[in-house]
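Student: Next up is a structure, given as structure tokens.
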Amino acid sequence: MFSVVANKIEKVKWRARSLLLPKPHSAEKPFYRKDYGRIGVAGLFRTASGIGEAARSCFRGLQSTGFDVVAIDLSARFDQVDMQFDEAISCDQRAECDTAVIFLNAPELEVALFEIRHAFRARFNKRPYLIGAWAWELNSFPKGWSDPAKLLSELWVPSNFVRNAFSEHLHLPIKVVPHYVESAGERLTRQPSDAKIHPFRCLIMADGRSSAERKNIEGGIHAFQRAFGNDSNCQLIVKTRNFSEYQATWKALSQYADRDSRIEFIDSSLPRSDVRELIASCNVLISLHRAEGFGLHLAEAMAIGIPVIATAWSGNLEFMNQENAYLVDYELIDVPSTDPVYGGNENAVWADPDLDLAAQYLKSIRRGDPEVLAKRTAAIESVQNTLNCRVYQSALAGSAAHQLS
């Protein structure tokens, strides 16, 4: 009884708060590209996270296609400032726009809209076109995300995997808009390592706020150790951030480095250029994830020809296949109800990858087997062909999917 009353009270509060927010243009009415006017990309532009990089990538993608675009930084509002502005992105908190693409998830959407409410121009008395760009990693719909979706004109998700999780629960246009990945090879001061260079460097990347269990760092460490035993000419770098907020997890992971001198942890926020340099300096990127909504760091590694070993499940299959990556078999298991980030989602499953197969792939890359070069070449070509600026061009040209013939 108490929970029913509490839910009703929360819904009343939500309706009251929503009265203060900008009302979105209805996706049921015709909308044309010329109506976009200036596009504001709102997000965490000074945050070294996946969703922060997604906002920066969107800005670069829209700018490269000739749209009038402005960046609106919300990092300070959400207390997530851990890097400087990208010099190529000019943020203007006072800028006006007609359309917004908001790179924050449902729980943060109300605050984000309230923060940018003054940015919308009263243009021909039209309501602003509000596009939410949401990140999610499970096959099941997240609790509490239905009401915030009502504040949007349409929703962008990075993969069909995420769209399938959302489509039966939300009543607005949902578009699959993969992240834009720059062709950055020419800007790197170091080229991707040759397989014969010693030590053979492996890389794992994870954010503590994204669930260490979902990222499955331990699985990657075990695969590395199974592949190379006590070989001193191998090294594993585990690039993390925010793990200082999760002391128990950090302590458990740090013990691997204490027992194995080949394993090095880097727990800090790095500028994007430094992250790309780190990726380029390694021989292979390992992601034995249990679930990914997209896997932007995987695409960035592939873009510069770094071999990627990844679980063959979830959103990364939007751009990965057997020809351009080393995909690892898996079994589906229930998401633990105790997981601090993903526990409590009904019927949620994620992958338990085959660590022995991952170890075999590591050995193959170390040997420099013939398929290594073929996969590297295919990876570069596939990212250039499918994750370029045209994905945003196509998405915006079709919004809101109700153009008149």
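Student: Given the criteria more than 18 Å from the chain's Cα centre (by Cα), buried (at least 18 other Cβ atoms within 10 Å of the Cβ) and not assigned by TED's automatic domain parsing to the domain that holds residue 56, does residue 291 qualify?
Tutor: On the way: more than 18 Å from the chain's Cα centre (by Cα): no; buried (at least 18 other Cβ atoms within 10 Å of the Cβ): yes; not assigned by TED's automatic domain parsing to the domain that holds residue 56: yes.
Judged against the criteria, residue 291 is not a match.
Student: Also, I was wondering about something else. In the range 262-305, which residues are among the β-branched types (Val, Ile, Thr) and more than 15 Å from residue 325 (Cα to Cα)?
Tutor: 263, 266, 275, 279
Student: Residues of the range 114-145 being at pLDDT below 90 and either outside the structural domain of residue 174 (by TED's automatic domain parsing) or closer than 16 Å to residue 168 by Cα (or both), which ones?
Tutor: Scanning the range 114-145 gives a single hit, 143.
Student: Then there is this: Report, by residue number, each residue of the range 147-162 that is over 23 Å from residue 336 (Cα atoms) and outside any strand (DSSP E or B).
Tutor: Within the range 147-162, 147, 148, 149, 150, 151, 152, 153, 158, 159, 160 meet the criteria.
Student: Looking at 362, 357, can you tell me which residue is in the same structural domain as residue 199 (by TED's automatic domain parsing), surrounded by 19 or more Cβ atoms within 10 Å (Cβ to Cβ) and part of a helix (DSSP H, G or I)?
Tutor: Checking each option against the conditions leaves just 362.
Student: Considering each of 76, 95, 71, 55 in turn, give the residue that is part of a loop (DSSP other than H, G, I, E, B), of a type outside the set (Val, Ile, Thr) and under 27 Å from residue 292 (Cα atoms). Spell out the reasoning first.
Tutor: Values: 95 fails: under 27 Å from residue 292 (Cα atoms); 71 fails: part of a loop (DSSP other than H, G, I, E, B); 55 fails: part of a loop (DSSP other than H, G, I, E, B).
Answer to the check: 76.
Student: Here's something else I'd like to know. Between a residue in the range 374-396 that is closer than 15 Å to residue 305 by Cα and any residue that is at pLDDT below 95, which pairs come within a Cβ distance under 6 Å, given they are 6 or more apart or on different chains?
Tutor: 383/181; 384/183; 387/178; 387/181
Student: Also, I was wondering about something else. Would you please list the contacts, defined by Cβ atoms under 8 Å and residues six or more apart or on different chains, that run from a residue in the range 187-208 that is assigned by TED's automatic domain parsing to the domain that holds residue 262 and at pLDDT 85 or above to a residue that is outside any loop (DSSP other than H, G, I, E, B) and surrounded by fewer than 14 Cβ atoms within 10 Å (Cβ to Cβ)?
Tutor: Once the first residue is assigned by TED's automatic domain parsing to the domain that holds residue 262 and at pLDDT 85 or above and sits in the range 187-208, its partners that are outside any loop (DSSP other than H, G, I, E, B) and surrounded by fewer than 14 Cβ atoms within 10 Å (Cβ to Cβ) give 208/244; 208/245.
Student: While we're looking at this one, here's another question. From the list 68, 98, 86, 92, exactly one residue is exposed (fewer than 15 other Cβ atoms within 10 Å of the Cβ), under 23 Å from residue 391 (Cα atoms) and of a type in the set (D, E, K, R). Which is it?
Tutor: None of the others qualify; the one that does is 68.
Student: Can you work out which of the residues in the range 18-40 that are touching a helix residue (DSSP H, G or I) at 6+ places or on another chain (Cβ under 8 Å) and closer than 18 Å to residue 106 by Cβ is modelled with the lowest pLDDT?
Tutor: 20
Student: Continuing with this model, one more query. I need every pair where a residue in the range 160-173 that is in contact (Cβ under 8 Å) with a residue 60 or more places away in the chain has its Cβ under 6 Å from the Cβ of a residue that is surrounded by fewer than 14 Cβ atoms within 10 Å (Cβ to Cβ) and assigned to a loop (DSSP other than H, G, I, E, B), sequence separation at least 6 or different chains.
Tutor: As it stands, the answer is 173/401, since those pairs meet every condition given.
Student: Within the range 178-185, can one find any residue that is touching a strand residue (DSSP E or B) at 6+ places or on another chain (Cβ under 9 Å), among the small types (Gly, Ala, Ser), surrounded by fewer than 23 Cβ atoms within 10 Å (Cβ to Cβ) and not in a loop (DSSP other than H, G, I, E, B)?
Tutor: Within the range 178-185, none of the residues are touching a strand residue (DSSP E or B) at 6+ places or on another chain (Cβ under 9 Å), among the small types (Gly, Ala, Ser), surrounded by fewer than 23 Cβ atoms within 10 Å (Cβ to Cβ) and not in a loop (DSSP other than H, G, I, E, B).
Student: Right, here's the next one. Taking into account only those residues within the range 303-349 that are among the aromatic types (Phe, Trp, Tyr), at pLDDT 95 or above and crowded, with 22+ Cβ neighbours inside 10 Å, which is farthest from residue 210 (Cα to Cα)?
Tutor: Restricting to residues being among the aromatic types (Phe, Trp, Tyr), at pLDDT 95 or above and crowded, with 22+ Cβ neighbours inside 10 Å, the top hit is 326.
Student: Which count do you get for residues in the range 238-255 that are in contact with a strand residue (DSSP E or B) (Cβ under 9 Å, 6 or more places away or on another chain), surrounded by fewer than 19 Cβ atoms within 10 Å (Cβ to Cβ) and under 26 Å from residue 283 (Cα atoms)?
Tutor: Residues meeting the conditions: 2.
Student: Just one of 162, 111, 157 is at pLDDT 90 or above, surrounded by fewer than 16 Cβ atoms within 10 Å (Cβ to Cβ) and either under 23 Å from the mean Cα position of the chain (by Cα) or β-branched (Val, Ile, Thr) (or both); which is it?
Tutor: After applying the criteria, what remains is 111.
Student: Additional query: When you scan the range 62-82, how many residues do you find that are under 14 Å from residue 42 (Cβ atoms) and modelled with pLDDT under 90?
Tutor: Here is the first cut: in the range 62-82, the residues under 14 Å from residue 42 (Cβ atoms) are 62, 69-78, 80.
Imposing the further condition that a residue be modelled with pLDDT under 90 reduces the set to 62.
Residues in the range 62-82 being under 14 Å from residue 42 (Cβ atoms) and modelled with pLDDT under 90: 1 in total.
Student: Taking the range 246-269, which residues are of a type outside the set (S, T, N, Q) and over 23 Å from residue 309 (Cα atoms)?
Tutor: Kept after step one, since they are of a type outside the set (S, T, N, Q), are these residues of the range 246-269: 246, 248, 250-253, 256-260, 262-267.
Result: 246, 248, 250, 251, 252, 258, 259.
Student: With the structure loaded, tell me whether residue 221 is at pLDDT 95 or above, surrounded by fewer than 23 Cβ atoms within 10 Å (Cβ to Cβ), among the β-branched types (Val, Ile, Thr) and out of contact with any Leu (no Cβ under 6 Å at 6 or more places or on another chain) or whether it fails that test. Full working, then the answer.
Tutor: Numbers: at pLDDT 95 or above: yes; surrounded by fewer than 23 Cβ atoms within 10 Å (Cβ to Cβ): yes; among the β-branched types (Val, Ile, Thr): yes; out of contact with any Leu (no Cβ under 6 Å at 6 or more places or on another chain): yes.
In short, yes.
The values are calculated or read from the model by the stated rules, or taken from the named source; none is laboratory data. It should be emphasised that the depicted structure is a prediction, and the values quoted were computed from it without experimental measurement. Heads up, the Cβs are rebuilt from the backbone with ideal geometry, glycines too, and the neighbour counts pull from every protein chain shown.
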